[in-house]
Structure formats: C-alpha cells, structure tokens
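First up is the structure itself, then whatever we jot down about it.
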Amino acid sequence: MNSKDRTAARAHPGSVSAVLAAVFNVLALNVVLVVTSLAVVSIPLAVSAAFEAVYRWRTLDDDQVLRNFALALRRRPVVRSLVTGPAVLVAILGGAESVYFTHYSGFIALVCVLIGITTSAIAVSVAAYLCLFLATTDAGGRELWRAACVAAGRTVALTTPVFALATACAVVAGLAAPALAVVAVPVLLLWSWQRTAAWGARRLGLFAD
C-alpha cells in the first residue's frame, strides 16, 4: 500500500465518525427542540436557543450542540429570547389562515390564502433575521427588531421566497412523515433559515459570517 492509500485509509474512519457525530447532533438537538416547544409558549425560547447552537456548530465548529442549547436557554434572559415571539406567532397565524381557507373555493378564499402565505413568509423572514442577530450580537430588543425589519424589507425579493420554500418543504415533509418532524426536520429548517439570513445580511453589510 503506497502513502496515498494509507492516507485515504486513515481519513476514512475519521470521515465516518464525523458523519455519525453530525447525525447524532441533528437527532439530539431536534429532540430537545421539539420537547422544549411542547409547551407552545416556549417555542420562541426553543427556536432561538437551537438557532444559536446550530450557528456555533456551523461557524465555530463547536459540535457540542446540546450543551450550547442548554447554555443558551440558561444564560440568556427570558425577555431577550422572547423577542422572536411576535414574529413566530404571526408566522404560525399566517400559515393557519392559509390552511383554513384552502377548504373553501372562490376568489375571496384565494385572496385569503395568498395573504396568509405572504404574511407567514414575511414573518418567517423577520424571525430568521431576529434569531441570527440574537445569536451574534448583544443588541437590545428594539435594535434587534429594527435591524431584522430593515434586513427583511431590503432583501424581501431575494430571501423571502427562499424562506417560504424551505418552510413549505419542511411542513410537507413533516405532514407526509411525522417521524421526520421528531428526528430531523426542525433543525434542518433552522439550518436553512440561518444560511439564508446570513446570506441576506452579508449582502447588506450587516453581518460578517
């Protein structure tokens, strides 16, 4: 076996270990995210903490996601984490409106569905930017909302469709296979939101990933 083959042989187990560790992290973080969100009112807390854990994993290569999730819940003031609550609530209400009016026919029902989808997509955009800035800055709630609304408004044509498509795919996957909602979908959705929000913020010069 030449040196190149020996190098490949040594790299292979490490690659397998890295993949297994990544799978474990996704599964574990997804479970604690879902469990923490069961109280409904704790959804903003769970989303912002998981968002920070994913951010540290993605950008700082810190793969202790459960530890980072717990630290984010413990060290961050509840009021600061709840800053994402209104955006998350509006996104849920917009989605619920869309689903409700799909059971009706006619022009008014179609308009209501479109309004619900648009409202939900914009709220998701704002929520994603809020989570990004919450994980990367020490700004107060008012400053976070101002920056998130500016970012969402100035990148609406670029990022909002991506946020909407990712969210729609996650919802469809979760409904088609509910088990996926427990083992993977929410964390993968947060990862997608984070990449999209970071890309949009970089384009505006608001963020350096």
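A short reminder: the numbers here are calculations on the coordinates, not readings from a lab. Everything numeric here is computed off the predicted structure, so don't read it as measured data. Cβ coordinates were reconstructed from backbone atoms using ideal geometry, including for glycine residues, and neighbour counts include every protein chain displayed.
Brief remarks follow.
- Each peptide in 136-145, 156-165, 195-204 gets a packing score, the mean of other Cβ atoms within 10 Å over its residues, and the list from highest to lowest is 195-204, 156-165, 136-145.
- CD proxy at 222 nm, helix term only [per DSSP H run n ≥ 4: -39500 (n - 2.57); per residue of the chain; nearest 500]: -28000 deg cm²/dmol
- In order along the range 157-163, the Karplus-derived 3J(HN,Hα) couplings, from 6.51 cos²θ - 1.76 cosθ + 1.60 at θ = phi - 60°, round to 6, 9, 9, 4, x, 5, 4 Hz, and Gly and Pro are given as x.
- Here the gap between R195 and D62, fully extended at 0.36 nm per residue and compared with their Cα-Cα distance, gives a gain of 46.2 nm.
- Rounded, prolate or oblate (a/c below 1.5 giving rounded, otherwise prolate when a/b exceeds b/c) for the chain by Cα gyration tensor: prolate
- Global form of the range 90-159, assessed from the alpha-carbon gyration tensor, a/c cut-off 1.5: prolate
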